[in-house]
Amino acid sequence: MIAIVGVGETIPLRVSPKDVRALCLEASLAAIADAGLECVDIDGIITDAGIMPASVPADWMAAQLGASLNFSGNLSYGGAGIVAAPMLAEMAIRSGRAKAVLFYFGVDWGSRPGGPYAFHDAYPAKKLFEKPYGFSAQPAYFGLWARRYMHEYGLSEDDLAELAIAQRANALRHGGGQIKKPLDRETYFTSRRIADPLRVADCCLITDGAGAYVMTSAERARDLRKQPVFVHGVGFASVPVSGDDVFTQPAPLLLTPAAAVASRQARERAGVAIGDVDFTEIYDCFSISCLMQIEDLGFCAKGEGAAFIRERGITIDGDLPVNTHGGLLSYSYRLGIEHMVEAVRQLRGESGAAQVTNARIGLVGGFSPPDYGVAVLGR
Amino acid sequence: MADEFRPYFDALARGILAFPRCGDCGRFHWYPMKLCPFCHGAGIGWEAVSGVASLFSWTIVRHDFDPAAIERYGLRAPYIVALLEFADAPGVRLISNLVEADPDALAIGMAVQALFPAHDGRVLFRPARVG
């Protein structure tokens, strides 16, 4: 078994004066220091497979840190790659290829022209068959899903509001997030519509920032500075659907691709039942996608997400705290690296006012369709 | 443009909406692939459809995300993006814009029809007229 022994992040900002390489470096140094390690102790580096290779490549990071790159790898772009990276680290560490592995990820979509929307030009069919109709931004994709979900399962705008409001409450309690304004029902319903039925408050923030974490063997972890957070199980799965097709073509369009399989894999490896999970950090790019993942990860049956949120409660004091830092909706949008950092802090008991009482098992979900990654972490 | 995408636009220019259908297994697929994704058959033909579709879902985009779409197509928010299904091409879901439509009268499952001629490689849809 491996453990996460160090975490670091930059302060999330809409626009940072630093470039994305500087941000990733700052987060990585913070994570290494948090672990009580030196840069030269790092002998493996993992990052995501899509965004970092073009902007902050691992060889640059190794050179800057003076770390040796005896092992490097990437599994998926964005969220799934961020959350499932411990699967690669575990292979490297167990086989003796590396002893201490750094994962880093950052974005400058707050300051970069085109922001997250430019990403979709990478898909040739989307460019030809969707962009000419103005279907080229993530809020439109998820607006379309939300509308269909309302039709199939009877979701209301009030249900979406409930989720967004709960996460804002978590963010304000945490205090470290990018957005400081409270959100109530009235402000939700007067907020601007972006892509019906989604409003501003249903959409994630846009952020310049980075985060990082350091992994080593469970054995070595016990001698390091901080209380280790053990990686009990990782799941990673995908469906054979291309990035071109994933928002429109899958026959069951309202299932988060591969989430159920990845969740089951991770929980089986961890020997953890869904009811044992004390809190969860879910890739909440939109209110609707967070609600769908609550279902697809196995916390409740399909179509019952809204009732689950209302009846069980997803704030820090709720029955299942979801996104204890406020998530991508209300903390920052760094594609889930903030979720890994937050889960580790919760399990160490470092989350201050946002601390979940007696948090022992956390489940992190990383969404980058058609891939999905799940990490079950514990103290 | 990749070879597998071209027949769609060639057909549109002739006033025909057509989708790829495998000559071996008979199934439609979308978006166009090099081989049939179901049986890997290489003999993919293009089959014309009537142009009548059903509204699978929609969204009204109210923010201008793409300056290029405004410049080239005059596509300024708000506009309706529709995801459409075709009874005569099962398995295909097409993205288009719905025009001449009352945003408050949209409903999942409603019938819409293609508007020809297509301009600049785009086929738009409007609510189907009854009778």
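No lab work stands behind these numbers, since they all come straight from the coordinates. Remember, it's a predicted structure, so these values are computed and weren't measured experimentally. Positions of Cβ are generated from backbone atoms using ideal geometry, with glycine treated the same way; all protein chains shown enter the neighbour counts.
222 nm [θ] for chain A, helices only, -39500 (n - 2.57) per DSSP H run of 4+, per residue, to 500?
Numbers: 14 runs with 141 residues, N = 379.
Computed ellipticity for chain A at 222 nm equals -11000 deg cm²/dmol.
Not counting the cut sites, what is the longest span of chain B without trypsin sites (Lys or Arg not before Pro) that DSSP labels loop and that have at most 12 other Cβ atoms within 10 Å? Mind dumping the intermediate values first?
Details: sites that count: B:Arg14, B:Lys34, B:Arg76, B:Arg129.
Looking at chain B, B:77-128 is the longest stretch - no exposed trypsin sites (Lys or Arg not before Pro) with at most 12 other Cβ atoms within 10 Å.
Starting from the Cα of A:Lys180, step 7 Å along the direction of its Cβ; do the same at A:Ser68; then give the gap between the two resulting points in nm.
4.7
Around A:Asp19, which amide H atoms from residues at least 5 apart in sequence, or from another chain, sit under 5 Å from its own amide H, with H modelled in the peptide plane?
none
Taking K and R as +1 and D and E as -1, what net charge do the other residues with C-beta under 14 Å from the C-beta of A:Val341 add up to? Intermediate values should be presented prior to the final figure.
On the way: positive: A:Lys226, A:Arg334, A:Arg345, A:Arg348; negative: A:Glu9, A:Glu26, A:Asp34, A:Glu281, A:Glu338, A:Glu342, A:Glu350.
For residues surrounding A:Val341, the net value is -3.
Please give the FRET efficiency for B:His40 paired with B:Arg14, using the beta carbon to beta carbon distance and R0 = 35 Å, rounded to the nearest 0.05. Working shown, then result.
Numbers: r = 29 Å, r/R0 = 0.83.
Efficiency, rounded to the nearest 0.05: 0.75.
If you take the square roots of the eigenvalues of the alpha-carbon gyration tensor of the range A:149-274 and sort them as a ≥ b ≥ c, do you get rounded (a/c under 1.5), prolate (a/b over b/c) or oblate?
Values: a/c = 2.25, a/b = 1.31, b/c = 1.72.
Oblate.
Name the most mobile residue of A:Ser111, A:Ser191, A:Ser95, meaning the one with the largest mean-square fluctuation, in a Gaussian network model of chain A with Cα contacts below 10 Å.
Checking each option, the largest mean-square fluctuation is seen for A:Ser95.
Provide the net charge surrounding A:Arg168, with neighbours chosen by a C-beta distance below 15 Å and charges set as Lys +1, Arg +1, Asp -1, Glu -1. If you can, show how the numbers build up before the last one.
Numbers: positive: A:Arg173, A:Lys180, A:Lys181, A:Arg185, A:Arg199; negative: A:Glu162, A:Asp184, A:Glu186, A:Asp202, A:Asp284, A:Asp317.
Surrounding charge for A:Arg168 is -1.
If I stretch the segment between A:Glu350 and A:Ala122 completely, what's the gain in nm (0.36 nm per residue apart, minus their alpha carbon distance), one decimal? If you can, show how the numbers build up before the last one.
Details: separation 228, 0.36 × 228 = 82.08 nm, distance 3.95 nm.
Going from the current span to full extension adds 78.1 nm.
Using the Cβ atoms and a cut-off under 13 Å, what net charge is assigned to the surroundings of A:Gly235, where Lys and Arg are +1 and Asp and Glu are -1? Show your work: numbers first, answer last.
Working: positive: A:Arg264, A:Arg267, A:Arg269; negative: A:Glu90, A:Glu268, A:Asp296, A:Asp371.
Combined, the nearby Lys, Arg, Asp and Glu give -1.
Calculate, for B:Met110 and A:Ala273, the FRET efficiency according to 1/(1 + (r/R0)^6) with r their C-beta to C-beta distance and R0 30 Å; round to the nearest 0.05. Walk me through the numbers before you get to the answer.
On the way: r = 44 Å, r/R0 = 1.46.
So the FRET efficiency works out to roughly 0.10.
Modelling each spin label as a point 7 Å along the Cα-to-Cβ direction, I'd like the A:Glu311/B:Arg27 distance in nm, to one decimal.
3.7
Translational diffusion coefficient of the protein assembly as shown at 37 °C, 0.692 mPa s, Stokes-Einstein with Kirkwood Rh over Cα pairs, in µm²/s as a whole number. Could the numbers behind the result be given before it?
Working: Rh = 23.6 Å.
Value of D from the Cα-based Kirkwood radius: 139 µm²/s.
Please label the shape of the range A:257-379 as rounded, prolate or oblate, based on the square roots a ≥ b ≥ c of the eigenvalues of the alpha-carbon gyration tensor (a/c under 1.5 means rounded; beyond that, a/b larger than b/c means prolate, else oblate).
Working: a/c = 1.24, a/b = 1.18, b/c = 1.05.
Rounded shape, in that the Cα axes give a/c under 1.5.
Pick out which of A:His325, A:His151, A:His120 has the largest mean-square fluctuation in a Gaussian network model of chain A, springs linking Cα atoms closer than 10 Å.
Taking springs between Cα atoms under 10 Å, the residue moving most is A:His151.
Which GluC sites (Glu not before Pro) in the range B:50-107 sit in a loop by DSSP (not H, G, I, E or B) and have at most 12 other Cβ atoms within 10 Å of their own Cβ? Provide the component values of the computation, followed by the final result.
Details: sites: B:Glu71, B:Glu85, B:Glu100; in loops: B:Glu100.
Sites meeting the loop and neighbour criteria: B:Glu100.
Which whole-number percentage describes the relative contact order of chain A, with Cα contacts under 8 Å and a sequence gap of 6 or more? Present the calculation step by step, with values, prior to reporting the outcome.
Numbers: 904 pairs, mean separation 98.4, N = 379.
Dividing the mean separation by the residue count of chain A yields 26 percent.
May I have the count of lysine pairs in the protein assembly as shown with C-alpha atoms under 26 Å apart, counting pairs 8 or more residues apart or located on different chains?
Number of lysine pairs found: 6.
Using 7 Å Cα-to-Cβ label points, what is the A:Ser191/A:Leu255 separation (nm, one decimal)?
3.1
Once every DSSP H run of n ≥ 4 in chain B is given -39500 (n - 2.57) and the sum is divided by its residues, what mean residue ellipticity at 222 nm do you get, rounded to the nearest 500 deg cm²/dmol?
-3000 deg cm²/dmol
Over the range B:1-80, calculate the relative contact order: mean separation of alpha carbon pairs under 8 Å at least 6 apart, over the residue count, as a percent. Show your work: numbers first, answer last.
Numbers: 90 pairs, mean separation 18.1, N = 80.
For the range B:1-80, the relative contact order is 23 percent.
Using only the C-alpha atoms of the range B:3-127, find the volume of their convex hull and express it per residue in Å³.
Working: hull volume 13.8 nm³, N = 125.
Expressed per residue, the convex hull around the Cα atoms of the range B:3-127 is 111 Å³.
Set the Förster distance to 60 Å, then compute FRET efficiency between B:Glu100 and A:Ser95 from the Cβ-Cβ distance, nearest 0.05.
Working: r = 63 Å, r/R0 = 1.05.
Result of the calculation: an efficiency of 0.45.
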